[in-house]
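First the structure, in the form of structure tokens, and then the observations on it.
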Amino acid sequence: MSRPRRRGRDVHGVLLLDKPQGISSNDALQKVKRIYNANRAGHTGALDPLATGMLPICLGEATKFSRYLLDSDKRYRVIARLGQRTDTSDADGKIVSERPLTFSDSQLQEALNSFRGDTLQMPSMFSALKFQGRKLYEYAREGIVVPREERPITVYELVFIRHEAEELELEIHCSKGTYIRTIIDDLGEKLACGAHVTMLRRLQVANYPVEKMITLEQLHSILNEADESGCSPYIHLDTLLMSMDSPAASLPEVNIQPSVAVYFKQGQPVKVPGIPPCGLVRVTEGDGGNFIGMAEIDDFGRVAPRRLVVEALTS
């Protein structure tokens with residue numbers, strides 16, 4: 001007879017984890033899930049084990065809205081090692097070529113400028129994109145190269161920080177789906193010397209405040225302090241969470257009165273004055289502005305439910 005599945009807490013919100021180097025994003029996710037004893041958890045945009053920095057962890061109902069963070073801009077700080085190319089485009093891979101640095105400062109700046117704005121990028125074989133149901137890195141580990149298509153990306157800002165000997169440091173603000181490792185690898189080929197990433201830190205996702213990031217060490221410290229004092233750790237832990245609708249914070253808000261919300265929560269489109277002409281919106285209820293779900297303005301100018309929070313479905 002199987003044991004009943006243990007149920008975690010119904011905790012909802014987004015934790016801005018400062019992921020440490022050396023663990024996968026999924027490992028970091030599982031650690032946070034255990035610390036919060038959360039019933040559900042998911043992350044929004046994986047970081048390589050080598051990378052550190054902002055990894056939003058969605059808990060509970062916030063997992064329903066994590067897709068809006070996948071579509072958001074990101075900002076990174078990267079250090080590249082010039083003169084060496086690796087098979088993974090980062091320091092975890094094998095060196096496949098070594099070449100001298102023969103470019104001038106003006107050639108470096110010209111090469112950097114070619115990445116600014118709208119460009120097309122060929123995804124690395126060492127990525128989590130899928131081909132025929134399998135992730136590309138699974139093929140790569142078997143020495144298999146599969147067809148890939150270039151994808152449109154935008155580099156909104158590429159800031160040159162320093163170039164000392166074989167090290168180059170940059171800060172990059174880019175659109176969703178941009179692979180920093182690929183930018184560095186492509187840069188190395190433009191400079192005819194090769195390059196790979198030795199340090200990568202995600203500074204920001206969307207407009208989340210950097211100062212709200214917290215480390216695993218800080219979370220464990222809260223647990224230890226709670227054990228020593230005999231208090232529940234969740235009193236403190238839950239205050240660290242951003243709101244469950246924060247992944248969609250950039251979308252317009254539509255506030256509806258409780259009398260109208262009754263129908264909206266039942267899945268029915270509702271008429272609301274003063275709404276945007278089209279697109280996705282966040283829906284809140286009443287004077288308190290409680291978030292109850294996502295909606296889309298339909299062809300009849302109504303607020304049509306697309307995703308509701310459980311509390312909204314059951315209230």
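Please treat every number below as a calculation from the coordinates, not as lab data. Because the structure is predicted, anything quoted here is derived from the model rather than measured. Using ideal geometry, Cβ is built from the backbone for each residue, glycine included, and neighbour counts are taken over all protein chains shown.
Among LEU82, LEU241, LEU223, which one shows the highest mean-square fluctuation when the chain is modelled as a Gaussian network with alpha-carbon springs under 10 Å?
Among LEU82, LEU241, LEU223, the largest GNM mean-square fluctuation belongs to LEU223.
Once you sort the root eigenvalues of the Cα gyration tensor of the chain as a ≥ b ≥ c, which label holds: rounded (a/c under 1.5), prolate (a/b larger than b/c) or oblate (the other case)?
Judged from the Cα gyration tensor, the chain comes out prolate (a/c at least 1.5, a/b above b/c).
Hey, in the GNM for the chain with a 10 angstrom Cα cutoff, which one of GLY230, GLY267, GLY301 fluctuates hardest?
With Cα springs under 10 Å in the chain, the top fluctuation among GLY230, GLY267, GLY301 is at GLY230.
Long-range amide H contacts for GLY286: which residues qualify at under 5 Å (H placed 1.01 Å from N, peptide plane, sequence gap of 5 or more or a different chain)?
When sequence neighbours closer than 5 places are left aside, the close amide H contacts are ILE256, GLN257.
Using the Karplus equation 6.51 cos²θ - 1.76 cosθ + 1.60 (θ = phi - 60°), what ³J(HN,Hα) coupling, rounded to whole Hz, does each residue of the range 212-220 give in order, writing x for Gly and Pro?
8, 5, 9, 8, 4, 4, 5, 5, 5
Go through LYS135/LYS212; LYS31/LYS130; LYS64/LYS271; LYS74/LYS271 and tell me which ones have a Cα-Cα distance over 28 Å in this structure.
Going by Cα-Cα distance, LYS135/LYS212; LYS74/LYS271 fall outside the 28 Å limit.
Which value, in debye to the nearest 20, gives the size of the charge dipole of the range 251-314 about its Cα centre, when Lys and Arg are +1 and Asp and Glu are -1 at the Cβ?
About 100 debye.
If amide hydrogens are placed 1.01 Å from N in the peptide plane, which non-local residues have theirs closer than 5 Å to the one on GLN121?
Residues meeting the criterion, in which the H sits 1.01 Å from N, are ARG151, ILE153.
Go ahead and estimate [θ] at 222 nm for the chain from helices alone: -39,500 (n - 2.57) per DSSP H run with n ≥ 4, summed, over the residue count, rounded to 500.
-6500 deg cm²/dmol
Need one word for the range 132-179: rounded, prolate or oblate. Basis is the Cα gyration tensor (sqrt eigenvalues a ≥ b ≥ c); a/c below 1.5 gives rounded, then a/b vs b/c decides.
Because a/c hits 1.5 or more and a/b fails to exceed b/c, the range 132-179 counts as oblate.
So what J values fall out for the range 99-110 if you push phi through Karplus, 6.51 cos²θ - 1.76 cosθ + 1.60 with θ = phi - 60°, rounded to Hz, Gly and Pro as x?
9, x, 8, 10, 7, 9, 4, 5, 5, 5, 5, 5
Can you list the HN-Hα couplings for the range 130-139, worked out from phi with the Karplus curve (6.51, -1.76, 1.60; θ = phi - 60°), rounded to whole Hz and with x for Gly and Pro?
Values per residue, Gly and Pro as x: 10, 9, 6, x, 10, 6, 4, 5, 5, 5 Hz.
If you place +1 on the Cβ of every Lys and Arg and -1 on the Cβ of every Asp and Glu, how big does the dipole about the Cα centre of the range 107-192 come out, in debye to the nearest 20? Numbers along the way, then the final one.
On the way: 11 positive and 15 negative charges, 114 e Å.
Approximately 540 debye in magnitude.
Could you work out the local net charge near CYS231, counting Lys and Arg as +1, Asp and Glu as -1, over the other residues with Cβ closer than 14 Å to its Cβ?
Counting the neighbours of CYS231, the net charge comes to -4.
Relative contact order, percent, of the chain when contacts are C-alpha pairs under 8 Å separated by at least 6 residues? Don't jump to the answer; show the numbers that get you there.
On the way: 632 pairs, mean separation 63.0, N = 315.
It comes to 20 percent, rounded to a whole number.
Toward the positive end of the charge dipole of the range 251-314, about the Cα centre and with charges on Cβ (Lys, Arg +1; Asp, Glu -1), which of PRO252, PRO305, PHE291 goes farthest?
PRO305
Measuring from centroid to centroid over Cα atoms, what is the spacing of the range 261-292 and the range 49-90 in Å?
33
Does the range 74-205 come out rounded, prolate or oblate by the C-alpha gyration tensor, with a ≥ b ≥ c the root eigenvalues, rounded set by a/c under 1.5 and, if not, prolate when a/b is larger than b/c and oblate if not?
oblate
Which residue, PRO305, PRO273, PRO247, tops the fluctuation ranking in a GNM of the chain built on C-alpha contacts under 10 Å?
PRO273
Treat every Asp and Glu Cβ in the chain as -1 and every Lys and Arg Cβ as +1, leave all other atoms uncharged, and give the resulting dipole magnitude about the Cα centre to the nearest 20 debye. Walk me through the intermediate numbers first.
Working: 39 positive and 41 negative charges, 252 e Å.
Taking the Cα centre of the chain as origin, the dipole is about 1200 debye.
Which percent, to the nearest 5, of DSSP beta bridges fully inside the chain are antiparallel? Spell out each step's value before the answer.
Values: 59 of 68 bridges.
Expressed as a percentage, antiparallel bridges in the chain total about 85.
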